[in-house]
1. Compute the helix-to-body angle for 41-51: its Cα long axis versus the longest principal axis of the chain, expressed 0 to 90° and rounded to tens.
2. Residues in the range 184-201, backbone N under 19 Å from the label point at Glu174 (7 Å along the Cα-to-beta-carbon vector): list them, ranges by number please.
3. Just how large is the dipole of the chain about the Cα centre, in debye to the nearest 20, putting +1 at every Lys and Arg Cβ and -1 at every Asp and Glu Cβ?
4. Karplus couplings for the range 172-177 from phi (6.51 cos²θ - 1.76 cosθ + 1.60, θ = phi - 60°), rounded to Hz, Gly and Pro as x?
5. Based on the Kirkwood radius over alpha-carbon pairs, what is the Stokes-Einstein translational diffusion coefficient of the chain at 20 °C with 1.002 mPa s viscosity, in µm²/s?
6. Hey, could you get me the Stokes-Einstein D for the range 1-54, Kirkwood radius over alpha-carbon pairs, 4 °C and 1.567 mPa s, rounded to whole µm² s⁻¹?
7. Would you mind getting me the FRET efficiency between Lys235 and Leu96? Use the beta-carbon distance for r and R0 = 45 Å, nearest 0.05.
8. Once every DSSP H run of n ≥ 4 in the chain is given -39500 (n - 2.57) and the sum is divided by its residues, what mean residue ellipticity at 222 nm do you get, rounded to the nearest 500 deg cm²/dmol?
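Computed from the coordinates by the stated procedures, all read-outs in this text should not be read as laboratory data. Please read these numbers as outputs of a predicted model, since none were measured by experiment. Note that each Cβ is placed from the backbone with ideal geometry, even for glycine, and that neighbours are counted across all protein chains shown.
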Amino acid sequence: MISSEPFSIHALELGPMENFVYLIHDHASGRAAVVDPAWEVPEVLALAASRGVRITDILLTHSHHDHINGISEVLEEYDAQLHLMKSEAQFWGHQLDLPTLHHGGDVIELGNTAITALHTPGHTPGSACYHIGNELITGDTLFVFGCGRCDLRGGDPEQMYVTLRDMSKRLPPETVIHPGHNYAEKATTTMDEQLTGNPFLHFENSEDFTRYRMHYHDKHRDSPYGPVCKGDEMK
């Protein structure tokens, strides 16, 4: 559990792909938002019950099956509002029942907790990260010492390069990163640690990044990922 007034972020590792499902708890209102509900939804509902919160919002980082397959189960228990990027809804093409569609920079108010939606394309066209205080929930955009694949439908390595470069420049070094999967030797990290040890943040041009992401990385690195010193990406 990560605690920081006026909210807490609770993480559950669920499913066969080591997904992290997050519950953002606004202390003042007792409201909660679940991020990427998937797999073992009863555990998410049990966590909400144990914390005495009601789930009023569902935040999607993107629309891949392993991040959305629990939406209907949550909606069976709670009348929650679904949030995602407009560009992701268009990419997904799913018939949604009155979701709230966002653009980058939009703020979602969860009681007294402000959640800023960042548009971070690359893994999918409408991938999003959610910035809450000093915390950033990154989905499949940024992992601990890794980043999401770009060879699935909708992936774009050149766009991922631009997104990660922008994040590395704009986010404070003390920002705490909460990834969408438990693929590394630790569950969370800071932006400063990623600037030093994440090979995907070391490239100075999109061509080298694309070559590494698409043709080298998955053949030469295995999880759990650890830090890579700058200059050692291809070793």
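1. Tilt of helix 41-51: around 60 degrees.
2. Under 19 Å, as judged by backbone N against the label point of Glu174, lie 188-196 of the range 184-201.
3. Computed charge dipole of the chain: roughly 420 debye.
4. x, x, 7, 4, 8, 9
5. Values: Rh = 17.8 Å.
Roughly 121 µm²/s, to the nearest whole number.
6. On the way: Rh = 11.2 Å.
After rounding, the answer is 116 µm²/s.
7. On the way: r = 45 Å, r/R0 = 1.01.
Taking R0 as 45 Å, the efficiency between Lys235 and Leu96 is 0.50.
8. Working: 8 runs with 60 residues, N = 235.
That calculation yields -6500 deg cm²/dmol at 222 nm.
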